[in-house]
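Okay, so here's the structure we're looking at.
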Amino acid sequence: MKNTPEGSARPRRRATLRTISELTGLSPSTVSLSLRGGTSLKEETHRKVAEAAAQLGYVPDRAGVRLRTGKTNVLVLVLDGADDSIDFARQMIQGIGATITPTRYHLTVTPVFDRQSVETVRYIVTNRTADGVILTHTSARDPRVQLLMDNDFPFVTHGRTEFFAPHPFHDFHSEEFIRLAMERMVAKGAKSVILVIGGDTTYNYHNIVAAFERAGMHLHIQTEVLSRKHDRAVSAEMRQLGRDIARDPNRPDGIICDSETRSICMIAGLVDEGVVMGRDLHFICKQTSDMLSTLHPEIDTIEEDVFAAGVELARLLIRRIDGESADTLRTLSEPKVHWRA
């Protein structure tokens, strides 16, 4: 027998289903079912197992789980690294995390910077490194979506596509965002409105632009679309755009913008040239944080709840992994208006 050096701690035995079973007095099969989120067990049983697992420092053996079940218990969020919505990534990750915490699933986040590249998704599908995928910023005929559908791999998208075959998605109701914004502009007396929007690589871009142009014709408002060549337009460029609009002798009565980042920079440029927001020009922005409303409490905003979107995406993906039809897993979130007097 080896002697343990004086003052050193004995190595702690790795916690297993059996050690949790011994501590709780429950059978190993009941412990296993509880850790997998089994709904047939009493809440008291789940609580007892969770407390014992935390006390023992239990960590699931993913390799063993995969060998036994073919499952990884991992979900992957393929997150667009070029997104310029303030706080988007943090809120979405928190929403997904809040949903999967009581389940057997863990989350891996993989940022990507090329929306047309399928290599990240191909690696996940080929190596089966996850049980399901969440995609953001989808294009109309997104090749990543096509690859996942071709391989019958569970996934959900934050954004819609043009594919004929249905797939699970959750999306912000962009058409309603535009309708609300344009009607607000009419109520404020605007006769000409500019839409400032990111690049045209997403299907959401086309939804917004089409809705904007339809609303302009219906409401008899002159419209113009200013689309930036890059989604992450540099701050100086957007501030200069604000100055240019302010100096234009035929400047519009109103501006609608799909990004808080772009809005903050543009408003700075407008103010540089002496424009008084709400008097000289009306501004409406899509809101994903409280940053703009803190800096400019007079600006109207229309909110997308990104935390709630993360919750819904995780919920839809788990249902898809469990075998539910894609036809029933397609939802929209409604905009929430914040009109400031």
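Computed values, structure above
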{"read-out": "Assigned charges on the beta-carbon of Lys, Arg, Asp, Glu; the chain dipole about Cα centre (debye)", "value": "1660 debye"}
{"read-out": "Sparse-neighbourhood loop sites, GluC sites (Glu not before Pro) in segment 244-341 - DSSP loop, at most 15 other Cβ within 10 angstrom", "value": "Glu273, Glu298, Glu324"}
{"read-out": "Cα point-scatterer Debye curve for segment 223-334, base-10 log of I(q)/I(0) at q = 0.16 Å⁻¹", "value": "-0.77"}
{"read-out": "Apportionment of accessible area to carbon and sulfur, segment 256-319, percent (1.4 Å)", "value": "56 percent"}
{"read-out": "31 Å tail of the calculated P(r), the chain, as % of Cα pairs", "value": "45 percent"}
{"read-out": "Cross-link reach list, aspartates and glutamates versus Lys71, counting only Cα pairs under 19 Å and skipping chain neighbours closer than eight places", "value": "Asp61, Asp131, Asp152, Asp322, Glu324"}
{"read-out": "Amide H contacts of Phe169 (H built 1.01 Å from N, under 5 Å, at least 5 apart or other chain)", "value": "Thr157, Arg330, Thr331"}
{"read-out": "Label-point gap, in nm, between Thr294 and Ser29 - each point 7 angstrom along Cα→Cβ", "value": "5.4 nm"}
{"read-out": "Segment 87-99 - phi-based ³J(HN,Hα) in whole Hz, Karplus 6.51/-1.76/1.60, Gly and Pro as x", "value": "6, 4, 4, 4, 5, 5, 4, 5, x, 5, x, 4, 7"}
{"read-out": "DSSP bridge pairs, segment 246-340: antiparallel proportion in percent, nearest 5", "value": "25 percent"}
{"read-out": "Probe 1.4 Å, accessible area per residue of segment 233-341, Å²", "value": "44 Å²"}
{"read-out": "Partners for Lys336 among aspartates and glutamates (Cα-Cα distance below 12 Å; same-chain residues under 8 apart left out)", "value": "Glu176, Asp300, Glu303, Glu304, Asp305"}
{"read-out": "Separation in nanometres of the label points that stand 7 Å from Cα toward Cβ, at Thr126 and Ala210", "value": "3.5 nm"}
{"read-out": "For Ser289, residues with placed amide H under 5 Å, excluding near neighbours", "value": "none"}
{"read-out": "DSSP beta bridge pairing in the chain, given as percent antiparallel to the nearest 5", "value": "5 percent"}
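The values are calculated or read from the model by the stated rules, or taken from the named source; none is laboratory data. Treat the numbers as computed from the prediction; the structure is a model and nothing was measured. Backbone-built Cβ (ideal geometry, glycine too); neighbour counts: all protein chains shown. Quick note on the areas: whole protein, heavy atoms, side chains included, nothing else; ligands and nucleic acids left out. Shrake-Rupley method; radii C 1.70, N 1.55, O 1.52, S 1.80 Å.
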